[in-house]
Amino acid sequence: MKFSEMPYARPDMDSLFAELDSLTAQLQSASDAQAQLEAFHKKDKLMSGFNTLASICSIRNTVDTRDKFYEAEQEFLDQQYPLISEKMQAFNKVLAASPFRGDLEKELGELLFTNIELELKSFSPEIVPLMQEENRLCTEYQKLYASARIDFMGKTVTIAQLIPYKQDPDRAVRKAATEAEGGFFDQHRQELDELYDKLVKNRTQQAKKLGFENYVPLGFIRMGRNCYTPEDLQSFRGQVVRDLVPLVVKVNERQAKRLGISDYKFYDVPIKFKDGSAKPQGTPDEIMAAGKKMYHELSPETGEFIDLMLDNELFDVLAKEGKAPGGYCTSLPDYKYPFIFSNFNGTSGDVDVLTHEAGHAFANFIADRTIPVPGNRWPSMEGCETHSMSMEFLTAPWHNLFFGDMTDKYELSHAEDALIFIPYGCLVDHFQYEVYSHPEMTPEERNQTWARLEKLYRPYIDFDGLPFYGRGAGWQRQMHIYQSPFYYIDYCLAQVMSLQFFALSLKDRDGAWRKYMDFVKLGGTKTFIDLAHSVDMRSPIDEGCVKDVCTATFEWTEQHLVE
């Protein structure tokens with residue numbers, strides 16, 4: 001069924017809650033493991049129906065944030081999610097305490113119960129009003145971000161549509177575009193500060209009501225971290241500062257020399273070559289057609305996948321007025337369909353939609369067809385991001401379909417960007433650790449904290465008095481900081497994994513693809529560290545992994561320099 005034909009009606013929450021209560025009672029009174037499994041599978045089917053409707057609503061709301069119907073529906077659902085969490089906690093408490101747990105674990109997997117026990121620590125009915133308010137504040141931030149209309153060079157553009165100007169070969173245009181972008185955030189400075197202040201205080205309240213000192217351990221649990229500790233992540237960030245940041249400084253020095261710029265500034269970072277960064281060749285339709293050819297040639301599974309996506313309108317990729325910023329992949333579980341949302345803007349990021357987001361979607365496609373228990377289909381987020389970031393590198397033989405004679409430039413900048421990204425992602429994570437450890441911070445103190453950490457993770461950047469960025473507020477442009485606290489480090493861990501797939505693909509492309517498929521097919525049946533080790537790869541948490549993997553990629557860039 002095409003996405004445009006999918007029906008939506010507001011879920012009957014009274015009926016849903018009553019059915020969840022009934023299934024919890026069935027679970028409680030079951031006389032054997034089989035009866036409990038039947039209740040469990042009925043619960044999964046019931047929630048699949050609700051989650052499908054919720055996804056349809058969310059997609060249509062982000063495709064056009066001005067649509068009043070879906071805006072109202074999203075507001076309604078934001079209020080319902082915490083209430084559903086309350087019902088699910090009641091169900092999961094009974095499940096976790098089952099006298100037949102050993103038999104259930106044989107059928108459903110031990111990890112599913114580990115994850116349930118983590119979830120139980122992260123919720124209590126008394127925090128429902130706070131969670132509802134948190135959802136409302138996140139939606140408010142998204143609407144504010146999507147409302148941006150920036151007058152620039154005779155046009156009115158969104159933030160996504162401003163990106164090509166930030167990569168313009170003309171330095172004056174790049175600087176002006178960066179200033180125009182910062183102007184929007186400065187104009188809404190008070191709103192952005194107040195929204196984040198409310199979110200930090202809200203999340204801190206939730207944590208304290210659940211018995212935590214602050215939001216840091218609660219945020220860690222909510223990200224499903226089930227195989228490493230906050231101290232492990234601190235060690236990972238330390239490895240990045242020690243072993244990778246010096247390499248990234250060299251990458252940027254190299255870039256400045258390539259550009260012929262002696263006073264390298266923040267607005268020079270996005271452009272990779274003097275005549276401009278590599279851009280995809282062709283119209284959006286031609287890019288999508290190239291993506292179809294690529295996936296048909298990559299493997300039978302990816303060919304079937306891309307046909308499903310294109311035939312059923314499961315992409316919405318053109319930037320337009322009223323559309324939410326960013327990009328994502330989500331799922332429509334009743335249909336066993338993924339969905340990809342993005343904002344094409346004429347940059348290499350358009351191709352990343354067909355590699356990164358499609359990596360998520362392909363993993364969704366495989367899991368829906370091979371892993372029977374929905375709770376085991378998705379790994380924790382660093383595993384999911386490994387699916388997407390690795391696909392970016394494993395599709396390299398087809399990059400020429402998108403970039404033509406700019407392919408060498410794209411592949412150099414893509415590898416460089418992978419290295420550059422990891423310290424930035426660690427900066428985002430470290431910043432949030434500081435903020436939630438000190439929730440009493442004022443807006444100015446938060447900006448000072450970001451500026452201090454910038455010097456640690458991105459010492460090569462000179463903001464040269466730019467508005468917004470120059471005052472240490474650049475973090476407000478990163479949507480995850482508002483909407484998905486502590487998510488961002490997952491990208492860093494996954495990037496290290498992707499660089500291992502990249503290195504293997506250079507030696508044995510077919511072997512790298514087979515290993516990737518083995519990783520994808522495991523879904524969420526193992527922890528992240530076990531997923532890595534199961535396919536004979538190193539975990540990014542392992543001491544020395546960052547240095548070895550990132551040094552190998554840096555050396556590859558040294559051997560493939562393009563002017």
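What follows draws every value from the coordinates through simple rules; no lab data is involved. A quick note: this is a predicted structure, and the numbers were derived from the prediction, not measured. All Cβ positions, glycine included, derive from the backbone under ideal geometry; neighbour counts span all protein chains shown.
What to note about this one:
- Cα principal axis extents for segment 391-497, largest first, Å: 51, 30, 22
- Degrees between helix 13-29 axis and first principal axis of the chain (Cα, 0 to 90, nearest 10): 60
- Helix 68-96 axis, angle to the chain major axis (alpha carbon atoms, nearest 10°): 50
- Listed values for segment 121-127 are Karplus-derived 3J(HN,Hα) couplings in whole Hz (6.51 cos²θ - 1.76 cosθ + 1.60, θ = phi - 60°), namely 6, 9, 8, 8, x, 5, 9, and x replaces Gly and Pro.
- The chain: angle of helix 245-259 to the longest principal axis, Cα-based, in degrees nearest 10: 40
- Global geometry of segment 486-563, whether rounded, prolate or oblate, following the gyration tensor of its Cα atoms and the 1.5 cut on a/c: oblate
- Mean projected area (nm²) of the alpha-carbon convex hull when segment 188-241 is viewed from all directions: 5.3
- Over all orientations, segment 424-563 has a Cα convex hull whose mean projected area works out to 11.3 square nanometres.
- Remark: segment 182-304 projects, on average over all directions, an area of 14.5 nm² (convex hull of Cα atoms).
- Farthest toward the positive end of the dipole of segment 258-362, out of Ile306, Ser262, Ser348, is the Cα of Ser262, where the dipole comes from beta carbon charges about the Cα centre.
- Modelled FRET efficiency - R0 35 Å, Lys257 with Lys521, Cβ distances, 0.05 increments: 0.20
- Peptide ranges 510-521, 329-340 listed from the most packed, as the mean C-beta count within 10 angstrom indicates: 329-340, 510-521
- Its Cα gyration tensor gives segment 128-223 an equivalent ellipsoid. The semi-axes, each the square root of 5 times an eigenvalue, are 36, 14, 11 Å from largest down.
- Put simply, the C-alpha atoms of segment 299-420 give a gyration tensor, and the ellipsoid matching it has half-axes of 25, 17, 14 Å, longest first.
- Solution diffusion estimate, µm²/s, Stokes-Einstein, the chain, Kirkwood Rh from C-alpha pairs, 25 °C, viscosity 0.890 mPa s: 99
- Reciprocal of mean inverse Cα separation for segment 9-115 (Kirkwood radius, Å): 15.2
- Cα centroids of segment 437-483 and segment 238-295: 22 Å apart.
- Beta bridge orientation in the chain: antiparallel %, DSSP, nearest 5: 75
- Here the convex hull built on the C-alpha positions of segment 437-508 has a volume of 131 cubic angstrom per residue.
- Counting Lys and Arg as +1 and Asp and Glu as -1 over every other residue whose Cβ lies under 13 Å from the Cβ of Leu16, the net charge comes to 0.
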